[in-house]
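Here is the structure we will look at, set down as structure tokens.
Quick note: the coordinates plus some simple rules give every number you see, no bench work behind them. Source: prediction; values computed, not measured. Cβ coordinates were reconstructed from backbone atoms using ideal geometry, including for glycine residues, and neighbour counts include every protein chain displayed.
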Amino acid sequence: MSDFTGNFWSVYVAALTLLGILGCLVLLWVTARKKVVARADNTTGHVWDGDLREMNNPLPRWWMWLFVITIVFGLLYLVAYPGLGAYKGELGWSTRGEYEAEVALANKELAPLYAKFTAKTPEDLAGDANAMAVGERLFMNNCAQCHGSDARGSKGFPNLTDTDWLHGGSPEKIKETITLGRRAQMPPMAAAVGSADDVKNVANYVLSLSGSPHDSLRAQLGKAKFTACAACHGVDGKGNQAVGAPNLTDDIWLHGWGEQAVMNMVNNGKINEMPAQAAKLTEAQIHVLTAYVWGLSNRPAAAKP
Ligand code: HEC
Ligand code: HEC
């Protein structure tokens with residue numbers, strides 16, 4: 001695919017390139033023609049360092065032919081390879097094509113290995129040290145930038161090594177998450193809760209659910225307001241994986257801990273997205289990643305160090 005958005009710059013670049021090469025030819029032709037009036041002793045009259053005199057000899061033939069060969073080479077190269085604006089070249093070569101051919105070759109070479117992996121269930125695969133080494137590399141290349149190289153996540157990016165799941169920790173659910181991505185959405189809830197004081201009260205009630213430090217009087221006042229949250233987080237606050245609503249009773253905080261953090265969630269809501277990987281990774285790669293992620297919190301006997 002060409003990076004030119006319009007025809008103008010393509011023609012402009014091609015014309016500049018060809019004019020440059022033509023310029024070289026003209027330079028050679030003009031200088032070959034120019035007669036310098038030499039003196040009887042064939043010197044030009046230029047003298048340096050007292051006695052160093054410049055002779056008026058023509059360029060060596062071999063030098064001139066080298067010059068011509070570079071010009072011919074340049075023109076042939078531009079016919080064969082992309083170089084003249086958007087013109088693709090007769091050989092049809094491109095860095096993208098070369099990359100795709102390499103990936104296709106690598107995928108073909110790895111196919112028998114992946115076939116062995118996909119024949120196993122994720123649970124079994126998690127005990128296969130070979131597969132987990134591949135899984136770790138896939139994770140480092142595709143997931144670590146968000147979930148961390150130790151998969152423990154950070155604010156807004158869930159920890160994948162614990163047993164707390166937003167969307168479910170079974171191999172099926174993990175595979176679904178990786179393949180299709182997830183989009184968790186909590187709307188701003190302040191209006192449904194009431195006054196700013198009510199928001200503060202319900203935040204303290206939420207903190208009380210996990211035994212986190214809180215104002216117990218406010219928590220009692222806030223309890224009734226939690227009905228606005230129950231549709232997603234459950235009446236008991238234990239969450240609902242069908243809508244990706246986290247458990248609020250486990251003292252694990254995706255978006256920060258404390259009264260202010262909870263009030264921010266209620267006031268502003270949150271949209272949090274895990275990008276779908278189906279277009280980026282093969283099904284077999286996702287299968288191995290599923291086993292890898294599942295294995296992080298379900299240490300199978302065989303994989304124990
Ligand atoms: C651009 C950042 C980003 C990348 C890259 C990314 N993730 Fe995620 N992932 C997220 C976010 C954000 C969430 C939380 C979504 C939510 O709040 O519901 C998430 C959630 C998940 C979950 C669900 C956790 C749970 O508790 O249910 C799994 C499993 C997961 N990611 C695995 C992966 C794997 C495997 C990869 C690599 C192929 C990956 N992620 C790449 C951002 C990312
Ligand atoms: C429409 C569903 C919905 C409603 C209603 C809702 N939430 Fe949420 N809430 C979510 C989702 C989904 C997330 C997770 C966002 C994410 O994955 O990043 C969340 C996250 C949170 C968090 C962050 C938890 C953490 O681990 O950091 C808190 C706190 C919270 N909600 C409190 C409340 C309170 C209090 C109410 C009621 C006033 C409420 N929510 C109402 C869907 C909802």
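Testing the spin-label approximation: label points 7 Å from Cα along Cα→Cβ at residue 13 and residue 108. State their distance in nm.
It is 3.1 nm.
Just from its helices, what would the mean residue ellipticity at 222 nm be for the chain, if runs of 4 or more DSSP H residues each count -39500 (n - 2.57) and the sum is divided by every residue, rounded to the nearest 500 deg cm²/dmol?
The helix-only estimate for the chain comes to -16500 deg cm²/dmol at 222 nm.
How big is the Cα convex hull of the chain in projection, averaged over all directions, in nm²?
Approximately 31.7 nm², given one-decimal rounding.
Among 96, 53, 218, whose mean-square fluctuation peaks in a Gaussian network model of the chain (Cα, cutoff 10 Å)?
53
Could you point to the residue in 207, 196, 253 farthest towards the positive end of segment 187-271's charge dipole, with +1 and -1 charges on the Cβ of Lys/Arg and Asp/Glu respectively?
196
Between residue 39 and residue 278, what length in nm is gained on full extension when 0.36 nm per residue of separation is reduced by their alpha carbon distance?
Stretched fully, the residue 39-residue 278 segment lengthens by 78.1 nm.
Quick check for me: using +1 on Lys/Arg Cβ and -1 on Asp/Glu Cβ, what's the dipole size of segment 136-176 about its Cα centre, in debye to the nearest 20?
120
A 19 angstrom limit on the alpha carbon distance is what I want to check against. Which of 155/270; 108/175; 155/280; 175/270 exceed it?
Check vs 19 Å cut-off fails for 108/175; 155/280; 175/270.
Can you tell me which aspartates and glutamates have their Cα less than 19 Å from the Cα of residue 120? Leave out same-chain residues fewer than eight positions away.
128, 136, 172, 176, 283
Taking the chain as a Gaussian network, where each spring joins two C-alpha atoms under 10 Å apart, which residue of 52, 209, 113 fluctuates the most?
Among 52, 209, 113, the largest mean-square fluctuation in the Gaussian network model of the chain belongs to 52.
In µm²/s, what is D for segment 55-156 at 25 °C and 0.890 mPa s, where D = kT/(6 pi eta Rh) by Stokes-Einstein and Rh is the Kirkwood radius from Cα pairs?
Rounded, D is 127 µm²/s.
With springs only between Cα atoms under 10 Å, which of 97, 23, 269 fluctuates most in a Gaussian network model of the chain?
Maximum among the listed residues: 23.
When we measure straight from the Cα of residue 223, which lysines land under 16 angstrom away, once same-chain ones fewer than 8 places off are left out?
Once the sequence-local lysines are set aside, what remains near residue 223 is 200, 238.
By how many degrees, 0 to 90 and rounded to 10, does the Cα axis of helix 7-33 deviate from the longest principal axis of the chain?
The two axes meet at around 20 degrees.
State the percent of C-alpha pairs, over all pairs in segment 117-221, separated by a distance greater than 24 angstrom.
Result for the distance tail: 46 percent.
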